[in-house]
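The values are calculated or read from the model by the stated rules, or taken from the named source; none is laboratory data. Given the structure is predicted, the values throughout are model-derived calculations rather than measurements. Positions of Cβ are backbone-derived with ideal geometry, glycine not excepted, and every protein chain shown enters the neighbour counts. For the accessible areas, the whole protein counts, side chains as well, though only heavy atoms, and no ligand, DNA or RNA atoms are used. Shrake-Rupley method; radii C 1.70, N 1.55, O 1.52, S 1.80 Å.
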2 protein chains.
Amino acid sequence: MASESSTNNSITSTHTLPNNSDEEVKVMVPPLNFAMVAPGVYRSGHPNRKNFPFLKKLKLKSIMCLSSDEFNEELSQFVKDQNIQIFHYKIDGNKEPFIEIEQKEISNALVKVLDIRNHPVLIHCNKGKHRIGCLVGCLRKLQKWSLTSIFHEYRRFAVTKVLADQEFIEIFSEHVPYNPDFKPDWL
Amino acid sequence: MASESSTNNSITSTHTLPNNSDEEVKVMVPPLNFAMVAPGVYRSGHPNRKNFPFLKKLKLKSIMCLSSDEFNEELSQFVKDQNIQIFHYKIDGNKEPFIEIEQKEISNALVKVLDIRNHPVLIHCNKGKHRIGCLVGCLRKLQKWSLTSIFHEYRRFAVTKVLADQEFIEIFSEHVPYNPDFKPDWL
């Protein structure tokens, strides 16, 4: 239909979507520090209500949360309505000199991330910087990225507080027993 | 096979891949400022020889280059060997007060990026910061992202020289006549 494709293809000054159903969203707001990690894997900070229309478009099968905070009621209801599976790892970020993420926990989390049956998955912590940065850094090691490029990506999000996390990523050597039958083809 | 999956699942201290065929690459080096934009679309700076093993894993169908520089011989040979289609837009970046990217050129480029027949596509300029940042910013407008999140993403890569590019993205209103039959489902 000519009229519909013309609406879809234009950028209007108000950014209005076509006038139908629940698609009428003027502006999409991705969660803080949202980005794509690899096919089927997204990263971000903690999603909240204003991100829901955006999240719907991702058609998520699961959300992984690395945070000791509980989901609030709105988010709990949203994931229930959308039939999204939750993986919640209640871990605190690296904080020198006393708090260090357990390698085993990152390994457990990676097993879920590296299972295409959970894709698309959104992995998030509170700010989308440090804990997720550690997880993604360890994922990049499995992909055999150079440490230089791993750290460059890490710092793009974290900006500050890099040393403890970078060391965590560099030292990480835990076995990651993902299921080879369901691993993504980019690994 | 237990032995194979055990090799694949471990991070070894030398990062060595299994001893077969041309897969024996110790370290994968992504191009400068490599990242994923959306399913089927990657961004980066200008790829070079040390990135070739990494690029092979992406199974690219096309590469889009926004740069007035010619491909060097090695890269030309690589894309020929890999049967990768090239889209070359010889544009210079925004440079106040006299040089400004033409909106029409970004629109033409977006038509190619928004055609799944060209996916997976790597879009790159020289550093993977400014010209690609403009293109991705305009793509985000088509996805109806908030300007705040568009600029946040832009700055994650560009770090400096943001104003002319941000204004370009904000003002961009060119019609983008992509083919609705082959548009990605995330648009």
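Miscellaneous remarks
- So B:N94, is it touching a Lys or Arg at 6+ places or on another chain (Cβ under 6 Å), open to solvent by less than 60 Å² (accessible area, probe 1.4 Å) and either within 14 Å of chain A (Cβ to nearest Cβ) or farther than 27 Å from A:Y154 by Cβ (or both): no
- Top-ranked residue in segment B:149-163 [being hydrophobic (A, V, I, L, M, F, W, C), open to solvent by 20 Å² or more (accessible area, probe 1.4 Å) and touching a residue at least 24 places away in the same chain (Cβ under 8 Å); ranked as farthest from the other protein chains (Cβ to nearest Cβ)]: B:L163
- Yes/no for A:K144 being farther than 22 Å from A:S68 by Cβ and out of contact with any Phe, Trp or Tyr (no Cβ under 6 Å at 6 or more places or on another chain): yes
- Every condition in (1) under 14 Å from the mean Cα position of the chain (by Cα); (2) within 14 Å of chain A (Cβ to nearest Cβ); (3) surrounded by fewer than 18 Cβ atoms within 10 Å (Cβ to Cβ) holds for B:D185 except the one numbered (1).
- Among the numbered conditions (1) within 25 Å of B:R49 (Cβ to Cβ); (2) modelled with pLDDT of 95 or more; (3) acidic (D, E), the only one that B:D115 does not meet is (1).
- Of the residues A:I63, A:I91, the single one that is touching a Leu at 6+ places or on another chain (Cβ under 6 Å) and modelled with pLDDT of 95 or more is A:I63.
- Filtered by the rule that a residue be small (G, A, S) and under 20 Å from A:K129 (Cα atoms), segment B:144-164 gives B:S149, B:A158.
- Residues located in segment B:140-164, provided they are more than 21 Å from A:K50 (Cβ to Cβ) and assigned to a helix (DSSP H, G or I): B:F157, B:A158, B:L163, B:A164
Residue by residue, here is whether (1) touching a residue at least 12 places away in the same chain (Cβ under 8 Å); (2) in the same structural domain as A:F87 (by TED's automatic domain parsing); (3) within 27 Å of A:V79 (Cα to Cα) holds:
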| residue | (1), (2), (3) |
| --- | --- |
| A:Q103 | yes, yes, no |
| A:V111 | yes, yes, yes |
| A:L114 | yes, yes, yes |
| A:V121 | yes, yes, yes |
| A:W145 | no, yes, no |
